[in-house]
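The values are calculated or read from the model by the stated rules, or taken from the named source; none is laboratory data. Being a predicted model, the structure only gives us computed values, none of them experimental. We place every Cβ from the backbone using ideal geometry, glycine too, and count neighbours over all the protein chains shown. The area values use the complete protein model at the heavy-atom level, side chains included, leaving out ligands, DNA and RNA. Shrake-Rupley method; radii C 1.70, N 1.55, O 1.52, S 1.80 Å.
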Amino acid sequence: MSFLKSEKRTFYRERITAKDLVSFPILIKETDLLIFADTLLKDEAENSVLINRHHLENYILKFPYFLDSLIPLALDEIAPPIIKEMLRSALLAQVGPMASVAGAIAEFVGRDLLKHTKQIVVENGGDIFIKIAKDFTIGVYAGNSPLSNTLGLKITPDITPVGVCTSSGTVGHSLSFGKSNAVTVIAQSTPLADAAATAIGNLVSEKKDIEAGLERAKSIKGIQGTLIIVGDQFGAWGNVEIVSI
C-alpha cells in the first residue's frame, strides 16, 4: 500500500531547531520522519509507525475511496483511532481525509513516544507534532518567495503538545488547488492542522487571496492560528508569534 502521492516529502527539515534533544530519522516505505526526543527511541518509533501504517493500509483495503476522496467522509466510530481522527479533521476542514495523513502519522507516533520521553518533535514532510519544555522556533520554508527562511514561528511550552503544519501550492508533491508559497496552521490536533492547511491553501493563488485565506482559517473550528505567504507578502491570524530568523 503506497501513500506516495499523499504523504508529504522532506522539503523543510532545515527549518527545525531542537537543541539538547537527540535526533534520528525513521524511514518505512513512504513514511519519512525526523524525530527529536530526550533519548534515542528508534525501535519504539519504528514500531509505532508500523502499527499506524497497518491501521491505515487495512482501512484503505476495505474502503478504497478513503484514499482518493477529495471531500469529507462519514465518521466511523468503529475505525482505528488514527482513522477516526483523520475523518474528524477532514470534516472540520471540508477536505478529503488523506489531506491529514502526514499530520496524523506525526501526532500518533509522537504521542506513542511520549510514554518514553518528556519532550518530542516529530516532523513529517513539513507537518510537525511538538511537545517541548523550552521555546522552540520553526522556520517557514516558502519556496522561491523572498520571505522563505526569513520568518519563523515561536512555539512556547505552554501551548504544547501542538501541531504545526504547512501546505504549499508551489513546493512539494501534495495536492493543492492554490498557488500559495506557504500556508502554515497551528492547532492542538496535528491532523486538523494538516487538513486545514490544505483547505486554506486551496483558496490562495494570488496575493489578493491572503485575506480570504485568513477568513477561511477563522471558520475552521479548532485552529489556533495561521500564517500565509504569497510572494513577498504575508498575512497572519490568531495565536501566531512570528519571529525573524
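Please go through region 117-139 and give me each residue that is over 18 Å from Thr226 (Cβ atoms) and in a loop (DSSP other than H, G, I, E, B), ordered by number.
If the condition is that a residue be over 18 Å from Thr226 (Cβ atoms) and in a loop (DSSP other than H, G, I, E, B), then Thr117, Lys118, Gln119, Gly125, Ile132, Ala133, Lys134, Asp135 are the ones that fit.
Here are some conditions: (1) surrounded by fewer than 20 Cβ atoms within 10 Å (Cβ to Cβ); (2) in contact (Cβ under 8 Å) with a residue 40 or more places away in the chain; (3) not in a helix (DSSP H, G or I). Leu61 meets all but one. Which one does it not meet?
Failing condition for Leu61: (3).
If I filter region 200-211 down to residues being open to solvent by 10 Å² or more (accessible area, probe 1.4 Å) and not hydroxyl-bearing (Ser, Thr, Tyr), which single residue comes out as nearest to Lys84 (Cα to Cα)?
Within region 200-211, the match that is nearest to Lys84 (Cα to Cα) is Asn202.
Hey, among Ile28, Ile78, Ile83, which residue is more than 28 Å from Gly225 (Cα to Cα), without any contact (Cβ under 8 Å) to a residue 60 or more places away in the chain, in contact with a helix residue (DSSP H, G or I) (Cβ under 7 Å, 6 or more places away or on another chain) and of a type in the set (A, V, I, L, M, F, W, C)?
Step by step, each of Ile28, Ile78, Ile83 is checked, and only Ile28 is more than 28 Å from Gly225 (Cα to Cα), without any contact (Cβ under 8 Å) to a residue 60 or more places away in the chain, in contact with a helix residue (DSSP H, G or I) (Cβ under 7 Å, 6 or more places away or on another chain) and of a type in the set (A, V, I, L, M, F, W, C).
Mind listing whichever residues of region 182-198 are open to solvent by less than 10 Å² (accessible area, probe 1.4 Å) and among the small types (Gly, Ala, Ser)?
Ala182, Ala187, Ala193, Ala195, Ala196, Ala197
Given the criterion of a type outside the set (Lys, Arg), under 12 Å from the mean Cα position of the chain (by Cα), under 16 Å from Ala196 (Cα atoms) and surrounded by 18 or more Cβ atoms within 10 Å (Cβ to Cβ), identify the matching residue among Val122, Val101, Val95.
None of the other options fit; the residue is Val101.
Which ones in region 212-245 are of a type in the set (D, E, K, R) and surrounded by 21 or more Cβ atoms within 10 Å (Cβ to Cβ)?
Arg216
Go through (1) among the aliphatic types (A, V, I, L, M); (2) surrounded by 13 or more Cβ atoms within 10 Å (Cβ to Cβ); (3) out of contact with any Pro (no Cβ under 7 Å at 6 or more places or on another chain); (4) at pLDDT 95 or above for Met86 and report which single condition fails.
If we test Met86 against (1) among the aliphatic types (A, V, I, L, M); (2) surrounded by 13 or more Cβ atoms within 10 Å (Cβ to Cβ); (3) out of contact with any Pro (no Cβ under 7 Å at 6 or more places or on another chain); (4) at pLDDT 95 or above, just (3) comes out false.
Inside region 145-181, can you point out the residues that are outside any loop (DSSP other than H, G, I, E, B) and modelled with pLDDT of 90 or more?
Leu153, Lys154, Ile155, Pro157, Asp158, Ile159, Val162, Gly163, Val164, Cys165, Thr166
Checking the conditions here, which among Ala106, Ala142 is among the hydrophobic types (A, V, I, L, M, F, W, C), within 16 Å of Ala182 (Cα to Cα), open to solvent by less than 10 Å² (accessible area, probe 1.4 Å) and not in a strand (DSSP E or B)?
Ala142
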